[in-house]
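Below is one structure, written out as structure tokens, with a few remarks after it.
The values are calculated or read from the model by the stated rules, or taken from the named source; none is laboratory data. All values derive from a computational prediction rather than experimental measurement. Because the Cβ atoms are built from the backbone with ideal geometry, glycine has one as well, and the counts that use them run over all protein chains shown.
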Amino acid sequence: MAAQLLSSLSPARVNGRAIAMMIGAMCCFVLNDALVKYVSQSMPSAQLIFVRGLMASALVLLVARRLGALRHASAVLNPLVALRGTVDACATMMYLLSLFRLPIANATAINLAAPLFMTVFAVLFLGERAGVARWSAVVLGFVGVLCVVQPNGEGFNAWALLCLGGTLFHATRDLMTRRIDRAIPSVIITLATALAVTLLAGCLTLVSGWQSFALRDLGLLGVAAGFLASGYFLLVQCMRSGEVSLTAPFRYTAVLFAMLLGYAVWSEVPSGWAWLGIALLVGSGLYMLHSERGRIRAAALDAQPE
């Protein structure tokens with residue numbers, strides 16, 4: 001049904017919806033991260049990810065049942081779907097392990113290099129044409145990220161290389177999403193991802209041990225699981241519909257959402273460098289949208305009969 005709806009829309013509408021889904025996914029992930037960060041003060045990381053994963057998997061399973069997609073449940077064992085979930089689980093663990101041992105600014109900057117890799121992969125493996133506007137938006141956005149997080153040189157070490165590996169895995173995951181059979185519902189791909197992360201976290205929990213926790217923490221993780229599952233689904237939908245090189249720069253909106261949340265909850269006021277970064281992030285997105293509209297208008301004029 002979703003595939004039929006997308007096929008009836010113009011490329012401009014499809015890409016517009018994909019951009020909106022990317023922005024929505026980033027918002028969901030930031031809200032999830034904020035809740036997880038709070039709960040992590042009283043619960044071991046592997047256990048936290050495992051408990052959250054159980055609830056996210058259950059939630060996605062309920063949604064799949066409601067949508068009538070469970071008849072495709074066996075697709076979680078599809079080699080490409082299962083491999084994508086495994087790559088995502090490994091990427092998540094690589095990022096979290098490095099995050100615990102790196103300054104958060106450095107880890108954030110490395111993780112948000114993903115749009116650079118995604119654009120390169122889209123050109124090399126998907127045959128997309130990333131013109132000057134798209135490359136400029138990616139580079140300007142990344143410079144904006146560096147201005148906001150301001151990483152320091154002391155934090156770049158072996159753990160930084162692990163974090164970079166996780167970023168490459170995330171970019172690979174998004175590339176693999178485009179290769180999955182369109183007949184497999186996005187909610188089933190989401191379920192496979194949630195299950196893979198949960199299983200890996202469960203194995204790590206067996207090693208790190210179990211700790212009792214309050215019902216309040218369980219409730220917060222339940223909300224986080226809802227945001228996580230929504231982010232997973234929106235990201236899958238985005239990667240299956242829009243052009244990767246076009247939507248990739250809008251991953252940087254995660255920084256804007258994080259700063260807004262920091263100001264609203266923790267009264268964190270951005271510095272002068274951060275404001276410059278914000279301007280670059282917003283400017284790169286607006287430049288991308290303006291350029292895309294110009295490209296669409298030019299294509300429409302070229303298509304008109306003389």
- Message: Cβ contacts < 9 Å: first residue of a type in the set (S, T, N, Q), restricted to the stretch 32-55; second residue in a loop (DSSP other than H, G, I, E, B), any location; separation 6+ or different chain. Result?
- Response: 42/211; 42/213; 42/214; 45/100; 47/209; 47/210; 47/211; 47/213
- Note on the structure: Counted residues in the stretch 67-104 being closer than 30 Å to residue 162 by Cα, buried (at least 17 other Cβ atoms within 10 Å of the Cβ) and small (Gly, Ala, Ser) come to 4
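Among the residues of the stretch 68-82, are any at pLDDT 85 or above, part of a helix (DSSP H, G or I), closer than 26 Å to residue 253 by Cα and not acidic (Asp, Glu)? Spell out the reasoning first.
Quick first cut of the stretch 68-82, residues at pLDDT 85 or above only: 68-82.
Adding the requirement that they be part of a helix (DSSP H, G or I) leaves 70-77, 79-82.
Now drop any that are not closer than 26 Å to residue 253 by Cα, which leaves none.
So far as the stretch 68-82 goes, no, none of its residues is at pLDDT 85 or above, part of a helix (DSSP H, G or I), closer than 26 Å to residue 253 by Cα and not acidic (Asp, Glu).
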- Within the stretch 2-34, restricting to residues that are surrounded by 14 or more Cβ atoms within 10 Å (Cβ to Cβ), of a type outside the set (A, V, I, L, M, F, W, C) and over 20 Å from residue 261 (Cα atoms), the one that is modelled with the highest pLDDT is 17
- Query: Quick check: anything in the stretch 173-195 crowded, with 18+ Cβ neighbours inside 10 Å, out of contact with any strand residue (DSSP E or B) (no Cβ under 8 Å at 6 or more places or on another chain) and of a type in the set (D, E, K, R)?
  - Reply: yes
- Which numbered condition residue 206 misses (of (1) in contact (Cβ under 8 Å) with a residue 12 or more places away in the chain; (2) part of a helix (DSSP H, G or I); (3) out of contact with any Gly (no Cβ under 7 Å at 6 or more places or on another chain)): (1)
- Within the stretch 230-253, the residues that are closer than 11 Å to residue 186 by Cα and of a type in the set (A, V, I, L, M, F, W, C) are 233, 234, 235, 236, 238, 239
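Does residue 263 count as part of a helix (DSSP H, G or I), of a type in the set (Phe, Trp, Tyr), over 25 Å from residue 76 (Cβ atoms) and in contact (Cβ under 8 Å) with a residue 24 or more places away in the chain? Talk me through it step by step, then tell me what you get.
On the way: part of a helix (DSSP H, G or I): yes; of a type in the set (Phe, Trp, Tyr): yes; over 25 Å from residue 76 (Cβ atoms): yes; in contact (Cβ under 8 Å) with a residue 24 or more places away in the chain: no.
No: the conditions fail for residue 263.
Taking the criterion of being in contact with a helix residue (DSSP H, G or I) (Cβ under 8 Å, 6 or more places away or on another chain), surrounded by fewer than 19 Cβ atoms within 10 Å (Cβ to Cβ), over 30 Å from residue 60 (Cα atoms) and modelled with pLDDT of 80 or more, would at least one residue in the stretch 142-149 satisfy it?
yes
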- Message: Checking residue 120 against (1) modelled with pLDDT under 75; (2) part of a helix (DSSP H, G or I), only one condition comes out false. Which one?
- Response: (1)
- Message: Criterion first (surrounded by fewer than 22 Cβ atoms within 10 Å (Cβ to Cβ) and more than 16 Å from the chain's Cα centre (by Cα)) does residue 200 satisfy it?
- Response: yes
- Mind counting the residues in the stretch 35-66 that are modelled with pLDDT under 90 and surrounded by fewer than 20 Cβ atoms within 10 Å (Cβ to Cβ)? 7
- Query: So how many residues does the stretch 169-203 have that are farther than 21 Å from residue 62 by Cβ, in contact (Cβ under 8 Å) with a residue 12 or more places away in the chain and not aliphatic (A, V, I, L, M)?
  - Reply: 10
- Note on the structure: Of the listed residues (258, 224), the one being assigned to a helix (DSSP H, G or I) and either among the charged types (D, E, K, R) or buried (at least 23 other Cβ atoms within 10 Å of the Cβ) (or both) is 224
